[in-house]
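Student: Structure below; questions to follow.
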Amino acid sequence: MQFEYFISGGDFSKAGQASSQFKKALQQLNVAPQVIKRIVVALYEAEVNIVAHAYKGKISIELQPDLVTMTLTDEGPGIPDIEKAMEIGYSTASSKVREMGFGAGMGLSNIKNNADLLEIISKVGIGTTVKISVNLAKQE
Amino acid sequence: MAVRHFHHALKIRTETCFGCTHCLKVCPTEAIRIRNGKAVLYENRCVDCGECFKACPVQAIYIDQDDFERIHTYEYRIALLPSIFVGQFSRKYDREQIYEAIKAVGFTHICEVEQSTGLLQEQINRYAAENPDKKPLISSFCPAIIRLIQVRFPSLVNNIMLLKPPLDITALYCRKKFTDEGINPARIGVFYITPCAAKIAAIKSPVGEDYSMITGVINMDFLFNRVYRHIKNNQSAEVSGSNEKALSAEAIRWSLTHGESDHFEGRSFAVDEIHNVIDFLEKVENDEIKNVDFLELRACDESCAGGALTTANRFLIAERLRSVKNEDAASAETSGKTIENYRDYLEHRIKIQEIKPRSIMKLDDNIETAMLKMDQVKEIMELLPGTDCGICGSPTCQAFAKDIVQNEADIRQCIFIQKCRENTGEFTSIESLRLMKGIWGEEKF
């Protein structure tokens with residue numbers, strides 16, 4: 001099953017809408033609440049990253065009965081040092097973005113904590129692709 | 001915990017209901033449909049919030065209370081009274097006068113619900129300290145909110161604090177106190193005077209408890225009418241003034257918005273009105289709102305002052321209760337003084353059992369079947385007009401599409417689909433009329 005959402009950079013008022021919509025789909029599919037929580041938190045952080053840093057982006061989600069793969073592709077500045085960006089508290093967000101309550105430097109590490117698989121490919125000056133996978137099987 | 005049949009205090013009087021769709025539109029959990037010209041309730045979806053009751057223009061929705069005369073089968077007839085009750089009266093009637101009248105209409109004792117709030121407040125802060133992983137902690141005060149979380153926010157059920165609300169603590173105390181005085185428990189009747197339907201449902205089929213300490217429930221509007229009539233007819237009656245002030249100003253305000261959150265040590269929010277609560281919880285569930293310690297969530301606007309069964313304007317009720325200054329009330333030390341003697345007894349019984357989610361959102365238990373159904377919903381949505389008119393008997397086009405997929409509705413119930421099919425000759429106007437009668441009843445055509 002496919003889902004697609006388009007994200008425009010800089011529109012913080014709408015940040016989180018794609019995650020919210022996808023959450024509703026997962027709830028209808030009877031995915032375990034704690035798994036939904038992990039997926040939505042990871043997706044929300046990645047969605048906000050596009051809003052905060054890129055010009056525009058797209059979220060493509062491939063949903064299988066046992067696995068969800070979310071691919072977020074943006075046109076933006078790219079990440080020069082991915083390892084550094086993964087560090088807790090590291091942020092390149094402008095003070096303006098931080099004033100809005102975003103950009104605390106927790107995004108990528110928060111995604112990593114909630115994902116079963118995280119891949120980041122980035123080209124400076126072109127954009128970033130973040131691929132997040134989460135297993136749907138109930139982990140109890 | 002045993003699986004129980006859900007008790008709903010909200011009932012539909014089918015002889016009065018004329019299928020006007022007011023309730024259909026306001027229900028926050030889409031629990032109502034129109035069939036045969038009448039509103040019908042999906043019992044597993046209803047959270048007893050009372051929005052339908054408030055919206056009904058002909059009082060076809062009622063809140064089922066216990067027979068008032070039943071109180072007389074008990075020798076000790078205790079009114080478990082929330083502060084909201086007093087708040088309904090104009091300030092020219094003082095509390096003593098109101099209490100005397102409650103006794104005159106049949107009760108022998110009055111037990112104020114909020115006298116346990118001081119004890120509970122300490123327990124809430126302790127519970128928060130012991131459960132740092134459960135942030136934000138959600139208050140267990142409002143039973144409609146507990147049910148809402150169970151059905152719509154299943155991932156947040158573990159955030160509900162597993163502590164009894166003041167009502168249950170006080171009921172426990174009240175019974176214990178009387179039985180300790182040597183009174184046979186069978187002769188004690190504890191009757192809660194309820195401002196809403198959700199409290200009744202919580203008493204009749206408790207969540208996280210095996211049984212309730214409360215004998216019966218009397219609707220607040222019913223008792224208000226009896227008490228007010230008595231006061232009006234006995235203006236000159238002497239007030240004995242023997243009722244001691246048992247509540248502090250803080251306790252009196254507990255059931256109003258901010259009543260709990262103001263006392264919480266940490267970052268807290270107080271959100272009232274069920275749609276506001278849904279908005280807020282959506283964000284909490286997505287982790288968009290972070291670093292919150294405590295949430296006081298109430299289903300009614302102005303919290304219990306806005307309960308479906310209160311008789312006065314909710315802002316006036318709140319004003320009267322907020323105006324009680326500390327000198328008019330008991331001090332923090334004397335508030336709940338007698339309950340203090342039972343501290344150990346109550347603290348040992350303050351915990352409730354785990355609360356289980358019961359999602360109403362899933363299309364199927366099996367994910368593969370659910371995915372198929374979701375595809376079908378998507379296809380149906382492309383055919384529907386998206387006007388959410390309710391003529392099909394479902395609250396929205398989306399809810400209708402799900403009803404079709406679950407075999408609870410027929411796509412031809414949509415008036416737009418009917419017109420299109422009549423136009424292409426797939427459907428006759430006789431057939432379309434028959435379908436409409438099925439939803440709206442014979443007499444409308």
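Taken together, the values in this text are just the output of simple stated rules run on the coordinates, not laboratory data. Only a predicted model underlies this, so the values are computations on that prediction, with no experimental measurement involved. Note that we place each Cβ from the backbone using ideal geometry, even for glycine, and neighbour counts take in every protein chain shown.
Student: Could you check the simple spin-label distance between B:V58 and B:R267, using points 7 Å along Cα→Cβ, in nm with one decimal?
Tutor: 5.1
Student: Just for the protein assembly as shown, what percent of DSSP beta bridges are antiparallel, to the closest 5?
Tutor: 65
Student: Sticking with this structure for a sec: Return the FRET efficiency for the residue pair B:I430, B:N131: r is the Cβ-Cβ distance, R0 is 60 Å, and the value is rounded to the nearest 0.05.
Tutor: 0.40
Student: How high is the FRET efficiency between B:E340 and B:F416 when r is their beta carbon distance and R₀ equals 56 Å, given to the nearest 0.05?
Tutor: E between B:E340 and B:F416, to the nearest 0.05, is 0.30.
Student: Would you calculate the separation in nanometres between label points at A:E83 and A:F6, each defined as 7 Å from the Cα along the Cα-to-beta-carbon direction?
Tutor: For A:E83 paired with A:F6, the spin-label model returns 3.9 nm.
Student: If you count the DSSP beta bridges with both ends in chain B, what percent of them are antiparallel, to the nearest 5?
Tutor: Given both bridge residues lie in chain B, the antiparallel proportion sits at roughly 30 percent.
Student: Which value in nm describes the separation of the simple spin-label points at B:T179 and A:K96, placed 7 Å from the Cα toward the beta carbon?
Tutor: Label-label distance for B:T179 and A:K96, simple model: 6.7 nm.
Student: Kirkwood Rh over alpha-carbon pairs of segment B:248-315, then Stokes-Einstein at 37 °C and 0.692 mPa s: what D in µm² s⁻¹, rounded to an integer?
Tutor: This corresponds to a translational diffusion coefficient of 257 µm²/s.
Student: Project the alpha carbons of chain B onto their principal axes and report the range along each, largest first, in whole Å.
Tutor: 80, 54, 39
Student: Please work out the FRET efficiency for the pair A:Q64 and A:I121, using the Cβ-Cβ distance as r and a Förster radius of 22 Å; give the result to the nearest 0.05.
Tutor: According to the calculation, E is roughly 0.50.
Student: Using helices alone, I'd like the mean residue ellipticity at 222 nm for chain A: each DSSP H run of four-plus residues gives -39500 (n - 2.57), total over residue count, nearest 500.
Tutor: Using -39500 (n - 2.57) per qualifying helix, the result is -10500 deg cm²/dmol.
Student: Sticking with this structure for a sec: Which Rg and Dmax, in Å, describe the Cα atoms of the protein assembly as shown?
Tutor: Final numbers for Rg and Dmax: 27.2, 87 Å.
Student: What is the angle, in °, between the Cα long axis of helix B:95-104 and the longest principal axis of the Cα atoms in chain B? Nearest 10 is fine, range 0 to 90.
Tutor: Relative to chain B, helix B:95-104 is tipped by roughly 80 degrees.
Student: Peptide B:148-158: average number of partner chain Cβ atoms within 10 Å per residue?
Tutor: Across B:148-158, the average partner-chain Cβ count within 10 Å equals 2.
Student: 5 Å is the cut-off here: which amide hydrogens, built 1.01 Å from N in the peptide plane, fall below it relative to B:A39, excluding neighbours closer than 5 in sequence?
Tutor: B:G19
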